[in-house]
Amino acid sequence: MVRTVAACGIGVSVLASCGVTQPESTAAFETWCTPTDPGLSELSGLAWTGDTGYAIGDRGSDDRLAVLDRACEVTRWVEVGVETVDVEDMAVDRAGIVWLADTGDNDSDRDSVTLIGVDVRSDRRTSVSLRYPDGAHDVEAFALTPSGQPVLITKVSGGASATIYSSAESVTASSQLIDLARNGTVSATAPDGSSRPITGAAVDADATVGALRTKKDLFVFDIADGDVAAAFSGAPTGVVEGPDQPQGEAVAFTDAGELLLASEADGAADLPAVVLAPFHHS
């Protein structure tokens, strides 16, 4: 990986080392790798563990999961094996199961949404329905706590605060239906005062740092005692302007604490732009 390159351009970019004790308004990004497989042209969800990445497209291309190497080359495709509506995000639990958040709802007509657990090693599938307490919501940002509790953040526009939904019940429990509860709000307000819909969420391997992204900005939060919802409802410890990603949707951490940003496109080419942005924390 190179260490300092201007932000923008197609591919996977890397956010240079950035402390989050004070909010930042700018940061340097660099390209790490560029996924060229046409199956990722609508890339919406990204997760990383060890030297392996997982990526998936959203509606229309979310029937299979891509397994990536560190060069963003697809080493294999795994069929989701469950009918989907609109997968928007993903997370990997501590057992290595990839959880796909089938939570997209542009028409706001889904009172419940689905998490699909894909065990790539055993080829087993688990489906868990999540039911909102107050009707339908469009959600593109999803994360898991260290214990496997789901955390969802609504996608809202017009500067309104997004709602956080979570549950004390783990997705690895035997229940096939989990009732969600409202658990705070988050307002993604950039240093210039603008506010945009939240399109992705991630938690690092130690569950001490979380991240939310919009199509333009990146918000970093300190997590105390594994309480992800409480962290996201508090003030961010760092805010940076992301790379130029018109369709920026995904965010993920590597095990080393590098922060990865992914985009469907960079506005200049048809190739997907997964922007891997290593942000190191200690």
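No value in this document is a laboratory result; all are computed from the given coordinates. Computed from a predicted structure; not experimentally measured. Reconstructed Cβ throughout: ideal geometry from the backbone, glycine too, with neighbour counts over all protein chains shown.
For the reader, a short list of remarks on this structure follows.
- Residues Arg121, Arg110, Arg182 arranged by fewest to most Cβ contacts within 10 Å: Arg121, Arg182, Arg110
- Summed residue charge, Cβ within 12 Å of Ala205's Cβ, Lys/Arg positive, Asp/Glu negative: -4
- Separation of the Asp192 and Asp206 label points, Cα + 7 Å toward Cβ, nm: 3.4
- Cβ-derived FRET efficiency at R0 41 Å, Ser147 paired with Glu83, nearest 0.05: 0.90
- Per-residue Cβ neighbour rank within 10 angstrom, fewest leading, Arg124, Arg196: Arg124, Arg196
- Basic side chains Lys and Arg get +1 at the Cβ, acidic Asp and Glu get -1 at the Cβ, and with that the dipole of the stretch 40-239 about its Cα centre reaches some 200 debye.
- Residue-span extension gain [Ser41 to Ser129] - 0.36 nm each, minus C-alpha spacing: 28.9 nm
- Within the shell defined by Cβ-Cβ distances under 10 Å, the residues around Asp111 carry a net charge of -1, with Lys and Arg each +1 and Asp and Glu each -1.
- D_trans [Stokes-Einstein, Kirkwood Rh over alpha-carbon pairs] for the stretch 40-239, 4 °C, 1.567 mPa s, µm² s⁻¹: 77
- The stretch between Arg94 and Thr52, if pulled fully straight at 0.36 nm per residue, gains 13.7 nm over its current Cα-Cα span.
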